[in-house]
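Okay, so here's the structure we're looking at.
Bear in mind that the values in this text are calculations on the coordinates, not laboratory data. No experiment lies behind these values; they were computed from the predicted model shown. Cβ placement follows ideal geometry from the backbone for every residue including glycine, while neighbour counts extend to all protein chains displayed.
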Amino acid sequence: MDISAIRKDYTIKSLDISDVNLDPIAQFKSWFDEAINAEVLEVNAMTVSTIGLDGIPNARILLLKGIDSGFVFFTNYQSEKGKELEKHNSASLTFFWPELERQVRVRGFVEKVSEKESDTYFFSRPIGSQIGAWVSPQSQIITSRDDLSSKQVDVEKEFEAKQMARPPHWGGYRLMASTIEFWQGRPSRLHDRIKYKLHEGEWVIDRLAP
């Protein structure tokens, strides 16, 4: 297959600067609701990009778990991404909803959520996921899958005898946006791009060339 020949023309919707909400979080929620109604597969999946310890960008797919003053996700603080965020607290998120021919890019600074918020979400997860948070030394080298299976058995036995607890190394982050860009696919690659940039506490909205 000739990869260079793969292309799609985008024709579903348009995006005009006069139609967007003055608050980018409200605009995101509106688009997110549309994506849910359009039954986008894994609608809360996002690419989380961090600055690697070696200075090279590093990206992976995570699930968005909350939208309030920022964008909330949860992970192992001792994972590769956790160590990277400990050193460089800036990150970006990218959402792609192909069913609506839309993309959203978010850049900003990351902070840990409160212990209470981490507890609330942790105990809302299925018990298997709670156990998994204790079992996996995320991002570390292991010798085989059997290592995880053996530790899983041990953890399950441990919490048969006592109440489940959240691992101290597991919790949430909130990305506080400094820029948010909404991208709507358009014909002939002349896409609509609306960018919000935080300046002295106010959001400045501009249209960008595709």
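General remarks:
- Matching residues in the stretch 28-38 - criterion: being out of contact with any Asp or Glu (no Cβ under 7 Å at 6 or more places or on another chain) and either surrounded by fewer than 16 Cβ atoms within 10 Å (Cβ to Cβ) or part of a strand (DSSP E or B) (or both): Lys29, Ser30, Asp33, Ile36, Asn37
- Selected residue [assigned to a loop (DSSP other than H, G, I, E, B) and surrounded by fewer than 18 Cβ atoms within 10 Å (Cβ to Cβ)] from Ser150, Ser188, Ser139: Ser139
- Among (1) surrounded by 13 or more Cβ atoms within 10 Å (Cβ to Cβ); (2) aliphatic (A, V, I, L, M); (3) out of contact with any Lys or Arg (no Cβ under 8 Å at 6 or more places or on another chain); (4) assigned to a helix (DSSP H, G or I) - the single one Ala133 does not satisfy: (3)
- Some residue of the stretch 107-114 being more than 18 Å from Lys65 (Cα to Cα) and not charged (D, E, K, R): no
- Meets criteria (in contact (Cβ under 8 Å) with a residue 24 or more places away in the chain, closer than 20 Å to Trp31 by Cβ and either of a type in the set (A, V, I, L, M, F, W, C) or surrounded by 13 or more Cβ atoms within 10 Å (Cβ to Cβ) (or both)) for Leu208: yes
- Count - residues of the stretch 113-130 that are of a type in the set (Gly, Ala, Ser), farther than 18 Å from Asn89 by Cβ and not in a loop (DSSP other than H, G, I, E, B): 2
- Considered as a group, the residues in the stretch 39-86 that are basic (Lys, Arg) and out of contact with any Gly (no Cβ under 9 Å at 6 or more places or on another chain) include one that is surrounded by the fewest Cβ atoms within 10 Å (Cβ to Cβ), and that residue is Arg60.
- Some residue of the stretch 157-180 being part of a helix (DSSP H, G or I), of a type outside the set (Gly, Ala, Ser) and either more than 24 Å from Ser118 (Cα to Cα) or without any contact (Cβ under 8 Å) to a residue 60 or more places away in the chain (or both): yes
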